[in-house]
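Only the coordinates and a few stated rules stand behind these numbers; no lab work does. These numbers come from a predicted model, not from an experiment. Note: ideal-geometry Cβ built from the backbone for every residue, glycine included; neighbour counts use all protein chains shown.
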Amino acid sequence: MMKHSLSCWLALLSLLSSLRSSTAVIGGLIDFEYHDYTSLTLAIRSLTVAYPDLTHLYTIGQSVKGRELWVLAIAGMDATKHVVGRPEAKYVGNMHGDEVIGREMLIHYADWMLLNYGQDIEVTQFLDSTRLHILVSMNPDGFEEARVNENCRSFTGRTNDLGFDLNRNFPDYFEKNIYVTQVETQAIVDWVADIQFVLSANLHGGALVANYPFDNIDPEIKKDNTSIYSPSPDDDIYRYLATVYSYNHRKMHILNETKCEGKFTGFEDGITNGAEWYIAVGGMQDYNYLFAGCMEITLEISCCKYPPPEELPEYWEDNRDALMEYIKQVHRGVKGIVRNEQGTALEGAEVKIVGRDITFRTTKEGEYWKLLLPGSYELQVSMEGYITWTSTVQITNYVYNVEQVDVYMATVDDGSGTAPPKTQVSLVVIVMASLLGSLWHL
């Protein structure tokens, strides 16, 4: 029943997405062609010149060969800095250098968003309430080595210049990663430690499916399996997020399309748990979730890793709406600021949903975000020296209708246990919320 209801709701979501404002502009500054490092740098810089008030270009480090890992931040205002209460989201492309479609889709997505700001309602609303960071190429050295191949598979460029697979290179929760951390990997680790991202996706190629955590599993279970479902504590929202992308993609939710002309048996609804597909150590999506408090999925957006450039416009049409609908999900669930009784923000307070074995920490401004599906949850906040705070939170919201729960922590003075919750709660109601709310229970 729940699966049927979710499918009905997502079908309507896909339909509503297709009815995007007719004011959206299609053309832009970026041509449909493959961009090497030099032309990519020029393309990104051209966007900052054209839209100086909406963009901020920065680098998070360099590749083995010294190429900059450029990030383009986009926001309706204050793109150069974090604004308290405004969520940070990101897209990462070209982690495997020979999987090139994501690289081109992200530079076109940035171009399209900037062109449509102030013209398209959805784009404008999103950029007025979010800062989006786009790392177009995590592996620029690998891209320079990759080549178009008749079999749609490049035999060079997957790894970084030292031969390391960057999606097997991150610290792993389940077991020690034996590989030396690469400079590109360390750049990501430092980046997500510096900025509290809420939602993310990294774009790959070679399949057509939205892949969600976990990629790995307990070694005792793994020794008897090469693939097995490995659910995270937030498996429900992860499945939902993956399905949002697949159902807003023109082909990904169609079983026959995900077979990639016989390469795979197909993926129902266009989604898969990472470890159920194949178990992998050191993946980036698991690292983001478990070590950085950011929900990330892996998007395989093309059966062909390196297709001819004339096919790029078709891939753009396949992915444009999905890129928009997915990243909007950063605006759902619950968020707030944790303070002491004097009103000072508390950094490092532990925030969790009771019954889910995963904890996130507040930022230096005391902020927290938790993506949740509609339902009733026990929200718990704890910190050394303060009485643990717990309260029931009813999530009935949808995108842009986030429940704000600000928490005031009482100091421990007599060891009396838990304090009655002291909160400030507000709801921002949007058009369609009541309609979508009723559809959720179909």
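Give me 331, 82 ranked fewest to most by other Cβ atoms within 10 Å of their Cβ, as a rough exposure proxy.
Exposure proxy ranking, most exposed first: 82, 331.
Helix-derived [θ] at 222 nm for the chain: sum -39500 (n - 2.57) over DSSP H runs of at least 4, divide by residue count, nearest 500?
Taking each H run of at least 4 residues, the total per residue is -9000 deg cm²/dmol.
Rg/Rh for region 61-102 to two decimals, with Rh computed the Kirkwood way over all alpha-carbon pairs.
1.07
Among 334-345, 210-221, how do they line up from the highest to the lowest mean number of other beta-carbon atoms within 10 Å?
Those peptides, ordered most packed to least, come out 210-221, 334-345.
Which order do 318, 31, 194 fall in if you start with the one that has the fewest other Cβ atoms within 10 Å?
194, 31, 318
Would you compute, for the Cα atoms of the chain, the largest minus smallest coordinate along each principal axis and list the three values in descending order, in whole Å?
For the chain, the Cα spread along each principal axis is 71, 54, 47 Å.
Just to be sure I follow: if Rg is taken over the C-alpha atoms of region 88-210 and Rh is the Kirkwood radius over the same atoms, what is Rg/Rh?
Result: Rg/Rh = 1.02.
Using the basic label-point model (7 angstrom from Cα toward the beta carbon), what is the residue 256 to residue 357 distance in nanometres?
4.3 nm
Which ³J(HN,Hα) values in Hz, rounded to whole numbers, follow from the phi angles of region 239-254 under the Karplus curve 6.51 cos²θ - 1.76 cosθ + 1.60, where θ = phi - 60° and Gly and Pro get x?
So the Karplus estimates, Gly and Pro as x, are 4, 5, 4, 4, 6, 4, 5, 5, 7, 9, 7, 5, 10, 4, 7, 8 Hz.
Along the Cα→Cβ direction, 7 angstrom out, place labels at residue 364 and residue 345. What is the inter-label distance in nm?
My value for the distance between the label points is 0.9 nm.
Bin width 5 Å, origin at 0, all Cα-Cα pairs of region 79-159: what percent of pairs per bin?
3, 14, 19, 18, 15, 11, 9, 8, 3, 0
Percent relative contact order of the chain, based on C-alpha pairs within less than 8 angstrom and at least six residues apart?
15 percent
Compute a Gaussian network model of the chain, connecting alpha carbons closer than 10 Å, and tell me which residue from 392, 185, 55 fluctuates the most.
392
Can you check what the net charge comes to around residue 285, using other residues whose Cβ is under 10 Å from the Cβ of residue 285 (Lys, Arg +1; Asp, Glu -1)?
Taking every other residue near residue 285 into account, the sum is -3.
Using alpha carbons only, how many angstrom separate the centre of region 30-81 from the centre of region 166-188?
25 Å
So if I take the centroid of the Cα atoms in region 382-402 and the same for region 85-158, what is the distance between those two points in Å?
Between the Cα centre of region 382-402 and that of region 85-158, the gap is 33 Å.
If each of residue 81 and residue 224 carries a label point 7 Å out from its Cα toward its Cβ, how far apart are those two points in nm?
5.7 nm
Trypsin sites (Lys or Arg not before Pro) within region 145-247: which are DSSP loop residues with at most 12 other Cβ atoms inside 10 Å?
When the trypsin sites (Lys or Arg not before Pro) of region 145-247 are filtered for loop state and at most 12 Cβ neighbours within 10 Å, 147, 176, 223 remain.
Mind checking which lysines have their Cα closer than 24 Å to the Cα of residue 328? Skip sequence neighbours fewer than 8 apart in that chain.
Hits, sequence-local ones excluded: 3, 81, 90, 251, 352, 370.
For region 172-282, go through all pairs of different Cα atoms, get the mean of 1/r, take its inverse, and jot down that Kirkwood value in Å.
After inverting the mean inverse Cα-Cα distance, the result is 15.5 Å.
Give, as a single signed number, the net charge of other residues whose beta carbon lies under 13 Å from the beta carbon of residue 46, with Lys and Arg counted +1 and Asp and Glu -1.
Net local charge, residue 46 excluded: -1.
Taking each pair of different alpha-carbon atoms in region 263-332 once, compute 1/r for the pair, average those values, and report the inverse of that mean as the Kirkwood hydrodynamic radius in Å to one decimal.
So the Kirkwood estimate lands at 14.6 Å.
Work through the residues other than residue 219 whose Cβ is under 15 Å from its Cβ and net out their charges, Lys, Arg +1 and Asp, Glu -1.
Around residue 219, the charge tally is -4.
What are the ³J(HN,Hα) values, in whole Hz, obtained from phi via the Karplus relation 6.51 cos²θ - 1.76 cosθ + 1.60 with θ = phi - 60°, for each residue of region 178-190 in sequence order, with x given for Gly and Pro?
Working through the residues one at a time gives 7, 8, 5, 5, 8, 5, 5, 5, 4, 4, 5, 4, 5 Hz.
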